[in-house]
Amino acid sequence: VKHSLTLRGHRTSVSLEATFWREFRALALREGVALNELAARIDAARGDMGLASAIRVHVLEDALRRAGG
């Protein structure tokens, strides 16, 4: 599923599976930040990884932390 995000004032499109979008939104809500802000944080820390992959990894790492793994 493709959605538009705004990162540092620029619009970009990111394609993620519906499950990742759902968890990404839930993560932003838990952290008390806007989805664009969380995406910008991930973007700033992603290195040479693509943004969609970096979001998936971030969501997975959060789920693993919450599961105690």
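Numbers for the structure displayed
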| read-out | value |
| --- | --- |
| The chain - Kirkwood radius from inverse mean 1/r over Cα pairs (Å) | 12.2 Å |
| Potential lengthening between Leu29 and Ala52 on full extension [0.36 nm per residue; Cα-Cα distance subtracted] | 6.4 nm |
| Of the trypsin sites (Lys or Arg not before Pro) in segment 1-62, those whose Cβ has at most 10 other Cβ within 10 Å and which sit in DSSP loop | Arg8 |
| Loop-resident sites, segment 1-56, for GluC sites (Glu not before Pro), counting at most 12 other Cβ within 10 Å (DSSP) | Glu17 |
| Around Thr19: net Lys/Arg minus Asp/Glu count, Cβ-Cβ under 13 Å | +1 |
| Solvent-accessible surface (1.4 angstrom probe) belonging to His58, in square angstrom, nearest 10 | 50 Å² |
| Gained length - Ser13 relative to Asn36, 0.36 nm times residue gap less alpha-carbon distance | 7.1 nm |
| Value of [θ]222 nm, deg cm²/dmol, for the chain, DSSP H segments ≥ 4, -39500 (n - 2.57) each, nearest 500 | -19000 deg cm²/dmol |
| Segment Lys2-Arg65, length gained on full extension (0.36 nm per residue, minus Cα span) | 20.0 nm |
| Amide H contacts under 5 Å for Leu7, placed H, 5+ residues apart | Thr12 |
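The values are calculated or read from the model by the stated rules, or taken from the named source; none is laboratory data. No experiment lies behind these values; they were computed from the predicted model shown. Positions of Cβ are backbone-derived with ideal geometry, glycine not excepted, and every protein chain shown enters the neighbour counts. Quick note on the areas: whole protein, heavy atoms, side chains included, nothing else; ligands and nucleic acids left out. Shrake-Rupley method; radii C 1.70, N 1.55, O 1.52, S 1.80 Å.
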